[in-house]
1. Let me make sure I get this right: for region 93-223, a, b and c are the square roots of the gyration tensor eigenvalues over alpha carbons, sorted descending. Under 1.5 in a/c it's rounded, otherwise prolate if a/b > b/c, else oblate. Which is it?
2. Whole Å is fine, so just give me how far the alpha carbon centre of region 182-206 lies from that of region 71-124.
3. Give me 223, 173 ranked fewest to most by other Cβ atoms within 10 Å of their Cβ, as a rough exposure proxy.
4. Where does each of 131, 218, 146 land when they are ranked from fewest to most other beta-carbon atoms within 10 angstrom?
5. What length, rounded to one decimal in nm, is gained on full extension from residue 182 through to residue 104, with 0.36 nm per residue of separation minus their alpha-carbon distance?
6. What list do you get for 190, 222 if you sort them by fewest beta carbons within 10 Å?
7. Which whole number in µm²/s is D for region 147-203 by Stokes-Einstein, with the Kirkwood Rh taken over Cα pairs at 10 °C and 1.306 mPa s?
8. Take the alpha carbon gyration tensor of region 92-146, find the square roots of its eigenvalues, order them as a ≥ b ≥ c, and report rounded if a/c is under 1.5; if not, report prolate when a/b exceeds b/c, else oblate.
């Protein structure tokens with residue numbers, strides 16, 4: 001792998017110093033608010049939106065809650081969700097698992113698609129929904145069943161937005177990959193790239209598959 005460009009290093013340092021990476025809690029009864037109508041999003045008794053966990057930027061969290069409400073009839077389970085912050089470089093934990101019942105969150109490494117980062121800078125430069133693009137897609141995903149494929153145990157996904165409607169024909173899933181892990185960052189300063197899948201480390205995969213389960217939401221975006 002080539003070394004990162006100077007501009008990418010500068011952006012990484014900026015993001016690193018500007019991002020809080022300690023565990024946080026949601027303020028207030030977030031799960032009850034989400035299950036009965038999101039405050040600030042048309043609920044008749046709306047006063048304020050649930051606060052973002054400290055690991056997640058508030059703008060991204062608000063977009064995810066809006067997506068959760070918009071696709072509520074498709075998402076069977078609203079106790080947990082995952083958010084992917086593609087503004088961050090691949091060297092930073094940017095796949096956030098949020099337990100809306102307890103308010104706790106956990107962040108881990110995730111790769112983006114090579115079509116989103118053709119020069120392999122470590123930063124996602126663009127999204128694509130095109131078949132054959134090998135890029136990451138922006139939008140709301142519904143988690144499906146687990147199957148065993150080329151990458152071992154994996155979870156199928158369904159795209160719920162026009163920006164990721166080709167998830168199924170593109171075979172975009174959640175799986176583990178050898179090129180995701182702290183050792184890759186230590187050697188290369190970034191992760192390897194997927195073909196658009198949410199590729200996690202082998203050590204994070206099983207907990208993620210179990211924690212999300214079927215019928216929950218993953219929201220991926222740049223804010």
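Laboratory data are not the source of any read-out in this text; all were calculated from the coordinates shown. Computed from a predicted structure; not experimentally measured. Neighbour counts are summed over all protein chains in view; Cβ atoms, including those assigned to glycine, are modelled from backbone coordinates with ideal geometry.
1. Values: a/c = 1.37, a/b = 1.07, b/c = 1.28.
Taking the square roots of the gyration eigenvalues as a ≥ b ≥ c, region 93-223 is rounded.
2. Answer, in whole Å: 13.
3. Numbers: 223 12, 173 23.
Fewest-to-most Cβ neighbours within 10 Å comes out as 223, 173.
4. Numbers: 131 11, 218 25, 146 15.
So the ranking, lowest neighbour count to highest, is 131, 146, 218.
5. Numbers: separation 78, 0.36 × 78 = 28.08 nm, distance 2.30 nm.
Separation in residues times 0.36 nm, less the Cα-Cα distance, equals 25.8 nm.
6. Numbers: 190 25, 222 16.
Result, fewest neighbours first: 222, 190.
7. Values: Rh = 12.3 Å.
Translational D for this selection: 129 µm²/s.
8. On the way: a/c = 2.93, a/b = 1.62, b/c = 1.81.
Verdict is oblate for region 92-146.
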